1. Quick one: Q62 ticks every box in (1) closer than 16 Å to A318 by Cα; (2) surrounded by 15 or more Cβ atoms within 10 Å (Cβ to Cβ) except a single one, so which number is it?
2. If I filter the stretch 305-318 down to residues being buried (at least 22 other Cβ atoms within 10 Å of the Cβ) and over 11 Å from S80 (Cβ atoms), which single residue comes out as nearest to the ligand (Cβ to nearest atom)?
3. Going through the stretch 74-102 one residue at a time, which ones are open to solvent by less than 30 Å² (accessible area, probe 1.4 Å), part of a strand (DSSP E or B) and within 16 Å of the ligand (Cβ to nearest atom)?
4. Condition test on D149, is it out of contact with any Cys (no Cβ under 8 Å at 6 or more places or on another chain), open to solvent by less than 30 Å² (accessible area, probe 1.4 Å) and among the charged types (D, E, K, R)?
5. Within the stretch 243-264, count every residue that is farther than 14 Å from S207 by Cβ and open to solvent by 70 Å² or more (accessible area, probe 1.4 Å).
6. Considering the stretch 292-304 alone, what residues qualify as being modelled with pLDDT of 95 or more and surrounded by 20 or more Cβ atoms within 10 Å (Cβ to Cβ)?
7. From (1) in contact with a helix residue (DSSP H, G or I) (Cβ under 8 Å, 6 or more places away or on another chain); (2) farther than 30 Å from I194 by Cα, pick out the condition that doesn't hold for L160.
8. Which pairs do you get when a residue that is farther than 16 Å from N302 by Cβ, found in the stretch 154-180, comes within reach of a residue that is polar (S, T, N, Q) and away from the ligand (no atom under 12 Å from the Cβ), reach meaning Cβ atoms under 8 angstrom, with the pair 6+ apart or on two chains?
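The values are calculated or read from the model by the stated rules, or taken from the named source; none is laboratory data. Fair warning: this is a prediction, and the values are worked out from it, not measured in the lab. Note that each Cβ is placed from the backbone with ideal geometry, even for glycine, and that neighbours are counted across all protein chains shown. Remember, those area values only see protein heavy atoms, side chains included, never the ligands or the DNA or RNA. Shrake-Rupley method; radii C 1.70, N 1.55, O 1.52, S 1.80 Å.
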Amino acid sequence: MKYYPAVAGFFLKKMNKFNFKGRDIIDINDFSKEELLFILKMAKKFDPEYVKSDRSNYTIAQGKIAGLLFFEQSTRTEQSFRSAAQKIGMGIIGFNDPQSTSIHKGESFPDTIRIMDSYADCLIIRHPKGGAAKDAAEVAAIPVINAGDGPNQHPTQTILDLYTIQKVAGKLEGITVALMGDLKYGRTVHALSIALSHFNVKQIFISHPSLAMPQEYLNILKTRNRKYEVWEKLSMDLEGVDFLYQTRVQKERFANLNEYKKIKDLFILDKSFKKYLDRGVKLMHPLPRVNEIDPELDAHPNAIYFQQARNGLYIREALLALVLGRL
Ligand code: CP
């Protein structure tokens with residue numbers, strides 16, 4: 001069937017009961033359950049598993065410019081945003097090495113944001129400092145998307161994690177999700193725990209006590225009357241666990257390297273984990289991994305971390321189109 005972008009655009013706007021135009025995407029706490037479900041629904045429009053025909057999405061945001069400001073290294077987030085922006089017709093400006101910009105000459109962070117604000121239609125920012133995305137949003141007039149701010153938040157990762165769980169399980173209610181590894185510093189597990197707390201999901205936190213989930217996140221679960229358990233080691237019996245979300249112990253978050261070395265190799269999943277994958281446990285990881293998942297597990301259909309990373313593309317296409325008011 002021939003695709004008519006103007007007609008499709010009219011119906012897509014009709015379906016958009018939430019107005020995301022001009023909105024900043026900074027913190028997962030800024031989104032209601034209904035808004036999160038709406039974003040997941042919109043992302044399906046960009047996912048070839050749901051939309052079989054070529055929808056020629058390149059017309060959606062034609063003429064708009066994405067400004068990518070990566071003050072910290074990234075593979076998935078930066079490249080998937082680059083891809084997502086281009087797939088919906090946007091041009092791209094920005095940097096991933098701040099030292100190649102006038103920051104090197106002493107230009108301030110707010111001035112850098114002001115300048116990029118005048119050249120782009122939305123800004124996508126990754127920064128090692130928690131709160132940097134919010135600071136940028138206070139200066140910029142255009143929408144700002146947080147692509148990870150230090151140990152604080154990485155909301156587009158959280159939304160793609162939710163999307164992956166929903167896509168694989170077919171639901172977000174009545175499941176059990178175990179989060180493992182660095183639960184103290186891991187921004188992905190903090191935000192995912194908050195997002196999952198909107199749903200009837202049992203959460204299991206598996207870590208060394210020194211990297212335990214901070215109490216503030218457990219308090220959110222208590223307040224919302226959600227079930228959770230805290231484990232100090234990976235139980236040999238993962239009975240009832242639908243998803244295990246493994247994370248990297250992040251060297252860059254430790255002030256004391258000796259502390260990092262003592263902990264870094266605990267909770268590694270070697271090839272013996274295959275028996276749990278065979279039993280149906282789905283293994284997720286935000287990536288990058290170092291050694292915490294044996295690559296021999298990669299080929300198993302229940303090792304879904306590369307599928308998870310690919311889903312980031314559809315979430316980011318949807319979010320860009322939404323904040324630009326084109327969806
Ligand atoms: N998951 C994630 O944010 O990966 P990158 O650091 O490579 O973007």
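1. The single condition Q62 does not satisfy is (2).
2. Q308
3. Once the filter is applied, which keeps residues that are open to solvent by less than 30 Å² (accessible area, probe 1.4 Å), part of a strand (DSSP E or B) and within 16 Å of the ligand (Cβ to nearest atom), the stretch 74-102 yields only F95.
4. Spelling it out, D149 is indeed out of contact with any Cys (no Cβ under 8 Å at 6 or more places or on another chain), open to solvent by less than 30 Å² (accessible area, probe 1.4 Å) and among the charged types (D, E, K, R).
5. The total comes to 7.
6. Hits for the stretch 292-304 are I293, A303, I304.
7. (2)
8. Close Cβ pairs (under 8 Å, with a partner that is polar (S, T, N, Q) and away from the ligand (no atom under 12 Å from the Cβ)) amount to L172/Q166; E173/N200; G174/N200; L179/S193; L179/Q203.
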